[in-house]
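The values are calculated or read from the model by the stated rules, or taken from the named source; none is laboratory data. Since we're looking at a predicted model, the values are computed, not measured. Cβ placement follows ideal geometry from the backbone for every residue including glycine, while neighbour counts extend to all protein chains displayed. SASA here: full protein model, heavy atoms, side chains in, ligands and nucleic acids out. Shrake-Rupley method; radii C 1.70, N 1.55, O 1.52, S 1.80 Å.
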Amino acid sequence: MDKQATVALVRCENYDYESVSKAVEKGLSLLGGAGQFTASGEKILLKPNILTGASPDKCVGPHPVVFKAVAEAFQRVGAVLSFGDSPGFGNPRGNARKAGFLEIADAMGIPFADFENAVIMSNPDGKLVNKFEIAKGVAESDGLVSISKLKTHALTRITGAIKNQFGCIPGPRKAEFHSVMPNAVQFSKMLVDLNLLLKPRLYIMDGVLAMEGNGPRNGNPRAMNVLLFSVDPVALDSVVCKMIDLDTKLVEPLVVGEEFGLGTMQNITIVGDPVEDFINPGFDVNRSSVPTTEGTSFISSNFMRKYSAPRPTINPEACTRCGTCVNVCPVEPKALSWTNESHTEAPVYDYAKCIRCYCCQEMCPENAIYVKVPLLGKLIHR
(Lines give C-alpha, C1' and ligand atoms only; values in the text may rest on other atoms or scores of the structure.)
Protein backbone atom coordinates (compact mmCIF):
# COMPACT_ATOMS: atom_id res chain seq x y z
CA MET A 1 0.00 0.00 0.00
CA ASP A 2 1.30 3.45 -0.92
CA LYS A 3 2.43 5.68 1.93
CA GLN A 4 -0.18 8.20 3.08
CA ALA A 5 0.43 11.50 4.87
CA THR A 6 -1.49 14.28 6.55
CA VAL A 7 -0.30 17.89 6.70
CA ALA A 8 -2.12 20.43 8.88
CA LEU A 9 -2.11 24.06 7.78
CA VAL A 10 -3.18 26.79 10.18
CA ARG A 11 -3.41 30.47 9.32
CA CYS A 12 -1.43 32.74 11.63
CA GLU A 13 -0.75 36.30 10.51
CA ASN A 14 1.58 37.61 13.23
CA TYR A 15 3.72 36.60 16.20
CA ASP A 16 1.35 37.89 18.83
CA TYR A 17 1.48 35.31 21.61
CA GLU A 18 -2.28 34.65 21.73
CA SER A 19 -2.49 34.22 17.97
CA VAL A 20 0.45 31.83 17.83
CA SER A 21 -0.69 29.83 20.86
CA LYS A 22 -4.15 29.30 19.35
CA ALA A 23 -2.67 28.35 15.98
CA VAL A 24 -0.29 25.83 17.54
CA GLU A 25 -3.10 24.27 19.59
CA LYS A 26 -5.27 24.01 16.49
CA GLY A 27 -2.47 22.46 14.43
CA LEU A 28 -1.68 19.89 17.08
CA SER A 29 -5.36 19.07 17.59
CA LEU A 30 -5.77 18.43 13.86
CA LEU A 31 -3.19 15.65 14.26
CA GLY A 32 -4.67 14.28 17.48
CA GLY A 33 -3.11 16.62 20.05
CA ALA A 34 0.34 16.82 21.65
CA GLY A 35 -0.45 13.67 23.64
CA GLN A 36 -0.26 11.71 20.38
CA PHE A 37 3.48 12.32 20.27
CA THR A 38 4.59 11.70 23.84
CA ALA A 39 3.66 9.88 27.01
CA SER A 40 3.79 11.70 30.32
CA GLY A 41 7.32 11.62 31.71
CA GLU A 42 9.08 11.02 28.40
CA LYS A 43 12.14 13.11 27.60
CA ILE A 44 11.30 15.13 24.49
CA LEU A 45 13.88 17.32 22.80
CA LEU A 46 12.60 20.39 20.94
CA LYS A 47 14.91 21.08 18.03
CA PRO A 48 14.41 24.58 16.57
CA ASN A 49 16.54 25.63 13.60
CA ILE A 50 19.16 27.97 15.11
CA LEU A 51 21.50 28.55 12.19
CA THR A 52 23.03 31.54 13.96
CA GLY A 53 22.26 33.96 16.75
CA ALA A 54 20.11 36.27 14.65
CA SER A 55 17.24 38.32 16.05
CA PRO A 56 13.74 36.97 15.26
CA ASP A 57 12.95 39.78 12.79
CA LYS A 58 15.66 38.43 10.45
CA CYS A 59 13.62 35.23 9.88
CA VAL A 60 16.71 33.03 10.08
CA GLY A 61 14.97 30.57 12.40
CA PRO A 62 11.52 29.87 13.82
CA HIS A 63 10.22 32.66 16.00
CA PRO A 64 10.78 32.16 19.74
CA VAL A 65 7.05 32.67 20.32
CA VAL A 66 6.35 29.59 18.16
CA PHE A 67 8.90 27.67 20.22
CA LYS A 68 7.20 28.83 23.43
CA ALA A 69 3.74 27.79 22.26
CA VAL A 70 4.96 24.34 21.20
CA ALA A 71 6.83 23.88 24.48
CA GLU A 72 3.76 24.81 26.52
CA ALA A 73 1.60 22.34 24.60
CA PHE A 74 4.02 19.48 25.33
CA GLN A 75 4.49 20.46 28.96
CA ARG A 76 0.73 20.31 29.44
CA VAL A 77 0.71 16.63 28.50
CA GLY A 78 3.58 15.83 30.85
CA ALA A 79 6.61 15.78 28.56
CA VAL A 80 9.98 16.45 30.18
CA LEU A 81 11.52 18.92 27.76
CA SER A 82 14.99 19.97 26.71
CA PHE A 83 15.97 21.92 23.62
CA GLY A 84 18.90 22.78 21.42
CA ASP A 85 20.58 22.92 18.04
CA SER A 86 24.10 22.99 16.69
CA PRO A 87 24.61 26.16 14.63
CA GLY A 88 26.85 26.33 11.62
CA PHE A 89 29.31 28.57 13.42
CA GLY A 90 29.87 29.54 17.03
CA ASN A 91 28.75 28.34 20.46
CA PRO A 92 25.36 26.53 20.51
CA ARG A 93 24.14 28.03 23.77
CA GLY A 94 25.34 31.51 22.87
CA ASN A 95 23.52 31.42 19.55
CA ALA A 96 20.34 30.19 21.27
CA ARG A 97 20.55 33.13 23.63
CA LYS A 98 21.07 35.70 20.86
CA ALA A 99 18.20 34.22 18.83
CA GLY A 100 15.78 34.63 21.76
CA PHE A 101 15.23 30.99 22.71
CA LEU A 102 17.28 30.73 25.89
CA GLU A 103 15.38 33.38 27.84
CA ILE A 104 12.06 31.67 27.12
CA ALA A 105 13.45 28.22 27.88
CA ASP A 106 14.98 29.36 31.17
CA ALA A 107 11.67 30.89 32.27
CA MET A 108 9.91 27.60 31.46
CA GLY A 109 12.50 25.41 33.17
CA ILE A 110 13.66 23.84 29.89
CA PRO A 111 17.39 23.06 29.93
CA PHE A 112 19.68 23.49 26.95
CA ALA A 113 20.75 20.02 25.84
CA ASP A 114 24.33 19.00 25.11
CA PHE A 115 24.95 19.91 21.48
CA GLU A 116 28.73 20.15 21.74
CA ASN A 117 29.65 16.55 22.59
CA ALA A 118 28.77 13.63 20.33
CA VAL A 119 27.98 9.95 20.60
CA ILE A 120 28.24 7.49 17.75
CA MET A 121 24.90 6.05 16.66
CA SER A 122 24.95 3.01 14.40
CA ASN A 123 22.73 3.19 11.32
CA PRO A 124 22.79 -0.32 9.83
CA ASP A 125 19.78 0.36 7.62
CA GLY A 126 21.30 3.51 6.09
CA LYS A 127 21.40 3.65 2.32
CA LEU A 128 24.53 5.83 2.32
CA VAL A 129 25.70 6.44 5.90
CA ASN A 130 25.98 3.53 8.36
CA LYS A 131 26.82 5.61 11.43
CA PHE A 132 26.46 9.19 12.61
CA GLU A 133 28.06 11.27 15.33
CA ILE A 134 24.97 12.71 17.01
CA ALA A 135 24.77 15.42 19.68
CA LYS A 136 24.68 13.81 23.10
CA GLY A 137 21.53 15.74 24.03
CA VAL A 138 19.69 14.21 21.07
CA ALA A 139 20.88 10.68 21.80
CA GLU A 140 19.78 10.96 25.44
CA SER A 141 16.21 12.00 24.60
CA ASP A 142 13.27 9.63 24.12
CA GLY A 143 11.90 11.58 21.19
CA LEU A 144 12.46 14.60 18.98
CA VAL A 145 10.12 17.39 17.85
CA SER A 146 11.54 19.31 14.90
CA ILE A 147 10.72 23.04 14.58
CA SER A 148 11.92 24.48 11.28
CA LYS A 149 11.61 27.72 9.32
CA LEU A 150 10.27 28.11 5.79
CA LYS A 151 13.40 29.35 3.98
CA THR A 152 15.30 29.18 0.73
CA HIS A 153 18.66 27.42 0.47
CA ALA A 154 21.41 27.53 -2.16
CA LEU A 155 22.13 23.79 -2.18
CA THR A 156 18.70 22.21 -1.60
CA ARG A 157 16.44 25.04 -2.93
CA ILE A 158 14.51 25.11 0.35
CA THR A 159 15.51 24.21 3.88
CA GLY A 160 12.66 22.90 5.95
CA ALA A 161 11.49 19.84 7.81
CA ILE A 162 14.00 17.36 6.37
CA LYS A 163 17.13 19.49 6.54
CA ASN A 164 16.50 20.74 10.08
CA GLN A 165 17.89 17.52 11.55
CA PHE A 166 21.36 18.31 10.16
CA GLY A 167 21.69 20.46 13.28
CA CYS A 168 21.66 17.29 15.39
CA ILE A 169 25.26 16.77 14.28
CA PRO A 170 27.66 18.90 16.37
CA GLY A 171 29.05 21.87 14.43
CA PRO A 172 32.61 20.89 13.45
CA ARG A 173 31.45 17.47 12.27
CA LYS A 174 29.06 18.99 9.72
CA ALA A 175 32.00 20.15 7.62
CA GLU A 176 33.09 16.55 7.11
CA PHE A 177 29.79 15.70 5.43
CA HIS A 178 30.07 18.67 3.10
CA SER A 179 33.59 17.58 2.17
CA VAL A 180 32.80 13.96 1.35
CA MET A 181 29.34 14.61 -0.14
CA PRO A 182 29.96 17.49 -2.54
CA ASN A 183 26.73 17.35 -4.52
CA ALA A 184 23.05 17.78 -3.72
CA VAL A 185 22.14 14.13 -4.37
CA GLN A 186 24.70 12.66 -1.97
CA PHE A 187 24.05 15.35 0.63
CA SER A 188 20.31 14.67 0.42
CA LYS A 189 20.83 10.92 0.84
CA MET A 190 22.74 11.69 4.02
CA LEU A 191 19.94 13.95 5.28
CA VAL A 192 17.31 11.30 4.62
CA ASP A 193 19.41 8.60 6.31
CA LEU A 194 19.73 10.94 9.31
CA ASN A 195 15.97 11.48 9.53
CA LEU A 196 15.29 7.76 9.24
CA LEU A 197 17.72 7.15 12.09
CA LEU A 198 16.45 9.89 14.43
CA LYS A 199 12.74 9.40 13.59
CA PRO A 200 11.41 12.76 14.83
CA ARG A 201 7.92 12.29 16.20
CA LEU A 202 6.56 15.53 14.80
CA TYR A 203 7.62 18.22 12.34
CA ILE A 204 6.43 21.81 12.78
CA MET A 205 7.31 24.66 10.43
CA ASP A 206 7.06 28.39 11.04
CA GLY A 207 5.93 30.07 7.84
CA VAL A 208 4.25 33.10 9.40
CA LEU A 209 7.17 35.12 8.10
CA ALA A 210 9.30 33.07 5.73
CA MET A 211 12.63 33.87 4.10
CA GLU A 212 12.96 34.21 0.35
CA GLY A 213 15.90 35.10 -1.87
CA ASN A 214 19.45 34.64 -0.58
CA GLY A 215 18.62 32.17 2.19
CA PRO A 216 19.14 30.51 4.57
CA ARG A 217 20.66 33.48 6.40
CA ASN A 218 20.65 36.60 4.23
CA GLY A 219 17.32 36.45 2.42
CA ASN A 220 14.33 38.73 2.81
CA PRO A 221 11.25 38.23 5.00
CA ARG A 222 8.08 37.27 3.12
CA ALA A 223 4.72 36.88 4.83
CA MET A 224 3.23 33.43 4.20
CA ASN A 225 0.92 33.55 7.25
CA VAL A 226 0.97 29.84 8.01
CA LEU A 227 2.13 27.21 10.50
CA LEU A 228 2.53 23.66 9.20
CA PHE A 229 2.38 20.36 11.12
CA SER A 230 2.99 16.76 10.02
CA VAL A 231 4.60 13.48 11.01
CA ASP A 232 5.88 13.21 7.42
CA PRO A 233 8.70 15.65 6.53
CA VAL A 234 8.58 14.80 2.83
CA ALA A 235 4.88 15.64 2.68
CA LEU A 236 5.34 18.84 4.70
CA ASP A 237 8.17 20.14 2.50
CA SER A 238 6.20 19.11 -0.60
CA VAL A 239 3.25 21.23 0.49
CA VAL A 240 5.67 24.13 0.94
CA CYS A 241 6.80 23.62 -2.66
CA LYS A 242 3.19 23.84 -3.80
CA MET A 243 2.78 27.09 -1.87
CA ILE A 244 5.81 28.73 -3.48
CA ASP A 245 5.37 27.23 -6.96
CA LEU A 246 8.54 25.13 -6.84
CA ASP A 247 8.75 21.83 -8.72
CA THR A 248 9.38 19.10 -6.14
CA LYS A 249 11.56 17.27 -8.66
CA LEU A 250 14.13 20.04 -8.24
CA VAL A 251 14.35 19.48 -4.47
CA GLU A 252 16.70 16.54 -4.00
CA PRO A 253 15.82 15.83 -0.33
CA LEU A 254 12.22 15.26 -1.44
CA VAL A 255 13.14 13.03 -4.37
CA VAL A 256 15.50 10.96 -2.22
CA GLY A 257 13.13 11.05 0.76
CA GLU A 258 10.35 9.45 -1.20
CA GLU A 259 12.72 6.93 -2.81
CA PHE A 260 14.11 5.86 0.58
CA GLY A 261 10.69 5.60 2.24
CA LEU A 262 10.95 8.62 4.52
CA GLY A 263 7.65 10.00 3.27
CA THR A 264 5.48 10.81 0.28
CA MET A 265 5.14 13.66 -2.17
CA GLN A 266 1.95 12.29 -3.68
CA ASN A 267 -0.61 10.90 -1.24
CA ILE A 268 -1.12 13.92 0.99
CA THR A 269 -4.28 14.90 2.84
CA ILE A 270 -4.35 18.54 3.89
CA VAL A 271 -6.39 19.42 6.95
CA GLY A 272 -7.11 22.78 8.53
CA ASP A 273 -6.95 25.73 6.15
CA PRO A 274 -6.84 25.03 2.39
CA VAL A 275 -3.44 25.19 0.73
CA GLU A 276 -4.88 27.50 -1.93
CA ASP A 277 -5.07 30.24 0.71
CA PHE A 278 -1.28 30.29 0.98
CA ILE A 279 -0.05 29.91 -2.59
CA ASN A 280 2.46 32.61 -3.50
CA PRO A 281 3.93 32.14 -7.01
CA GLY A 282 5.96 35.34 -6.58
CA PHE A 283 8.05 33.82 -3.80
CA ASP A 284 11.74 34.36 -4.64
CA VAL A 285 13.28 30.87 -4.87
CA ASN A 286 15.57 29.17 -7.37
CA ARG A 287 13.25 27.50 -9.91
CA SER A 288 15.96 27.12 -12.54
CA SER A 289 16.60 23.73 -14.11
CA VAL A 290 20.32 24.33 -13.62
CA PRO A 291 21.53 21.81 -10.99
CA THR A 292 22.65 23.40 -7.74
CA THR A 293 25.65 21.04 -7.84
CA GLU A 294 26.91 18.80 -10.59
CA GLY A 295 26.57 15.06 -10.25
CA THR A 296 27.58 13.35 -13.50
CA SER A 297 31.11 12.25 -14.30
CA PHE A 298 31.17 14.54 -17.33
CA ILE A 299 29.99 17.70 -15.67
CA SER A 300 31.82 17.05 -12.43
CA SER A 301 35.19 17.23 -14.17
CA ASN A 302 37.38 20.05 -12.90
CA PHE A 303 36.87 22.03 -16.08
CA MET A 304 33.09 21.81 -16.07
CA ARG A 305 32.85 22.39 -12.34
CA LYS A 306 34.98 25.49 -12.69
CA TYR A 307 33.26 27.02 -15.70
CA SER A 308 29.65 25.79 -15.72
CA ALA A 309 28.45 24.93 -12.21
CA PRO A 310 26.62 27.51 -10.09
CA ARG A 311 29.11 29.08 -7.75
CA PRO A 312 29.28 31.32 -4.71
CA THR A 313 30.39 34.85 -5.55
CA ILE A 314 31.54 37.60 -3.20
CA ASN A 315 30.33 41.17 -3.57
CA PRO A 316 33.52 43.03 -2.55
CA GLU A 317 31.60 46.19 -1.73
CA ALA A 318 29.45 44.36 0.86
CA CYS A 319 32.27 42.22 2.22
CA THR A 320 33.66 43.42 5.57
CA ARG A 321 36.69 41.07 5.49
CA CYS A 322 35.49 39.27 8.63
CA GLY A 323 36.87 35.93 7.40
CA THR A 324 33.83 33.81 8.27
CA CYS A 325 33.67 32.39 4.75
CA VAL A 326 37.30 31.29 4.87
CA ASN A 327 36.88 29.76 8.31
CA VAL A 328 33.79 27.69 7.45
CA CYS A 329 35.03 26.41 4.08
CA PRO A 330 35.18 22.62 4.68
CA VAL A 331 37.70 21.64 2.01
CA GLU A 332 41.48 21.39 2.48
CA PRO A 333 43.23 23.28 1.08
CA LYS A 334 40.60 26.01 1.29
CA ALA A 335 38.62 26.92 -1.81
CA LEU A 336 38.92 30.60 -0.95
CA SER A 337 41.74 32.55 0.59
CA TRP A 338 43.09 35.99 1.32
CA THR A 339 45.11 37.81 -1.32
CA ASN A 340 47.30 39.53 1.28
CA GLU A 341 48.16 39.21 4.96
CA SER A 342 46.50 42.49 5.88
CA HIS A 343 43.11 41.28 4.56
CA THR A 344 42.42 44.56 2.84
CA GLU A 345 40.85 42.76 -0.12
CA ALA A 346 37.93 40.36 -0.14
CA PRO A 347 38.81 36.63 -0.20
CA VAL A 348 39.21 35.06 -3.63
CA TYR A 349 37.79 31.70 -4.79
CA ASP A 350 39.63 28.88 -6.49
CA TYR A 351 36.61 27.36 -8.22
CA ALA A 352 38.54 24.22 -9.18
CA LYS A 353 38.66 23.40 -5.45
CA CYS A 354 35.17 24.68 -4.58
CA ILE A 355 32.72 21.79 -3.97
CA ARG A 356 29.62 24.05 -4.12
CA CYS A 357 28.46 23.24 -0.60
CA TYR A 358 27.61 26.96 -0.17
CA CYS A 359 28.67 26.97 3.48
CA CYS A 360 30.34 30.33 2.85
CA GLN A 361 27.13 31.81 1.42
CA GLU A 362 25.09 30.29 4.22
CA MET A 363 27.20 31.66 7.04
CA CYS A 364 28.21 35.08 5.65
CA PRO A 365 26.96 37.60 8.23
CA GLU A 366 26.90 40.53 5.79
CA ASN A 367 24.85 39.22 2.84
CA ALA A 368 28.00 39.61 0.75
CA ILE A 369 27.92 36.19 -0.93
CA TYR A 370 25.38 35.07 -3.52
CA VAL A 371 25.11 32.20 -6.01
CA LYS A 372 25.83 32.91 -9.66
CA VAL A 373 25.48 30.64 -12.70
CA PRO A 374 28.32 31.14 -15.23
CA LEU A 375 27.37 31.76 -18.84
CA LEU A 376 28.53 28.29 -19.92
CA GLY A 377 26.27 26.73 -17.31
CA LYS A 378 23.31 28.73 -18.57
CA LEU A 379 23.98 27.61 -22.13
CA ILE A 380 24.32 23.93 -21.17
CA HIS A 381 21.13 23.80 -19.10
CA ARG A 382 18.90 26.19 -21.00
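Need the list of lysines near LYS131 for cross-linking: C-alpha distance under 24 angstrom, and skip anything on the same chain fewer than eight residues off.
Hits, sequence-local ones excluded: LYS43, LYS47, LYS163, LYS174, LYS189, LYS199.
Would you kindly state how much longer the chain becomes between GLN36 and ASP284 on full extension, computed as 0.36 nm times their sequence separation minus their alpha carbon distance, in nm to one decimal?
Numbers: separation 248, 0.36 × 248 = 89.28 nm, distance 3.58 nm.
Separation in residues times 0.36 nm, less the Cα-Cα distance, equals 85.7 nm.
With axes computed from alpha carbons, what is the tilt in degrees of helix 184-198 against the longest principal axis of the chain, rounded to the nearest 10 within 0 to 90?
Once rounded, one gets 30 degrees.
Cut-off 10 angstrom, C-alpha nodes, Gaussian network model of the chain. Which of ALA223, ALA54, ALA107 fluctuates the most?
ALA107
Excluding residues fewer than 8 places away in the same chain, name every one of the aspartates and glutamates whose C-alpha is closer than 15 Å to that of LYS136.
Straight-distance partners of LYS136: ASP85, ASP114, GLU116.
What is the chain's relative contact order, in percent, from Cα pairs under 8 angstrom and six or more apart in sequence?
Numbers: 856 pairs, mean separation 70.5, N = 382.
This gives 18 percent for the chain.
Counting C-alpha atoms alone, how compact is region 123-181: give Rg to one decimal and Dmax as a whole number, in angstrom.
Gyration radius and largest Cα-Cα distance of region 123-181: 12.6, 33 Å.
At 0.36 nm per residue, minus the direct Cα-Cα distance, what do GLU259 and LYS372 gain on full extension? Give it in nm, one decimal, please. Could the numbers behind the result be given before it?
On the way: separation 113, 0.36 × 113 = 40.68 nm, distance 2.99 nm.
Extra length available between GLU259 and LYS372 comes to 37.7 nm.
With +1 on each Lys and Arg Cβ and -1 on each Asp and Glu Cβ, and nothing else charged, work out how big the dipole of the chain is about its Cα centre, in Debye to the nearest 20. It would help to have the intermediate numbers written out before the result.
Details: 39 positive and 40 negative charges, 150 e Å.
Dipole size: approximately 720 debye.
Can you give me the C-alpha center-to-center distance between region 152-177 and region 311-348, rounded to a whole angstrom?
Cα centroid of region 152-177 versus Cα centroid of region 311-348: 22 Å apart.
Summarise the accessible area of region 1-135 (1.4 Å probe, protein heavy atoms) by the percent that is carbon and sulfur.
Details: 2870 of 6120 Å².
Whole-percent figure for carbon plus sulfur exposure: 47.
So, in nm, how far is label VAL185 from label SER55 when the simple model puts each one 7 Å beyond its Cα toward the Cβ?
Label-label distance for VAL185 and SER55, simple model: 4.4 nm.
What does the extension gain come out to for SER122 and LYS43, with contour length at 0.36 nm per residue minus their alpha carbon separation? Spell out each step's value before the answer.
Details: separation 79, 0.36 × 79 = 28.44 nm, distance 2.10 nm.
Here the answer is 26.3 nm.
Which of PRO87, PRO274, PRO62 ends up with the largest GNM mean-square fluctuation for the chain, with Cα atoms connected below 10 Å?
PRO274
Per residue, how many Å² of accessible area does the chain show with a 1.4 Å probe?
Working: 15550 Å² over 382 residues.
Here the per-residue accessible area is 41 Å².
Which of the aspartates and glutamates could be linked to LYS242 by a straight reach, that is with a Cα gap under 20 Å, when you skip same-chain ones fewer than 8 residues away?
Within reach: GLU13, ASP206, GLU212, ASP232, GLU252, GLU258, GLU259, ASP273, GLU276, ASP277, ASP284.
Go ahead and set up a Gaussian network model of the chain, Cα springs under 10 Å, then flag whichever of ILE104, ILE169, ILE204 fluctuates most.
Evaluated over the chain, the most mobile residue of the options is ILE104.
Take every DSSP beta bridge whose two residues both sit in region 92-204, then give the antiparallel share in percent to the nearest 5. Write out the running numbers ahead of the final one.
Details: 8 of 11 bridges.
About 75 percent, rounded to the nearest 5.
What number, rounded to the nearest 500 deg cm²/dmol, is the helix-based mean residue ellipticity at 222 nm of the chain, given -39500 (n - 2.57) per DSSP H run of at least four residues and division by all its residues? Don't jump to the answer; show the numbers that get you there.
Details: 13 runs with 113 residues, N = 382.
Per the formula, -8000 deg cm²/dmol.
Per 5 Å bin from zero, what fraction in whole % of the C-alpha pairs of region 1-100 is there, up to the bin with the longest pair?
Going out from 0 Å in 5 Å bins, region 1-100 shows 2, 13, 19, 20, 19, 16, 8, 2, 1, 0 percent.
Using only Cα atoms, what Kirkwood radius does the chain have, in angstroms? All intermediate terms of the calculation are to be shown ahead of the outcome.
Values: mean 1/r = 0.0478 Å⁻¹.
One over the average 1/r among Cα pairs gives 20.9 Å for the chain.
Say R0 is 35 Å: what FRET efficiency, to the nearest 0.05, do MET108 and ARG11 get from their beta-carbon distance? If you can, show how the numbers build up before the last one.
Values: r = 26 Å, r/R0 = 0.74.
Efficiency for this residue pair is about 0.85.
Would you work out which of CYS241, PRO182, SER122 lies farthest towards the positive end of the dipole of the chain? Charges go on Cβ: Lys and Arg +1, Asp and Glu -1.
Of CYS241, PRO182, SER122, it is PRO182.
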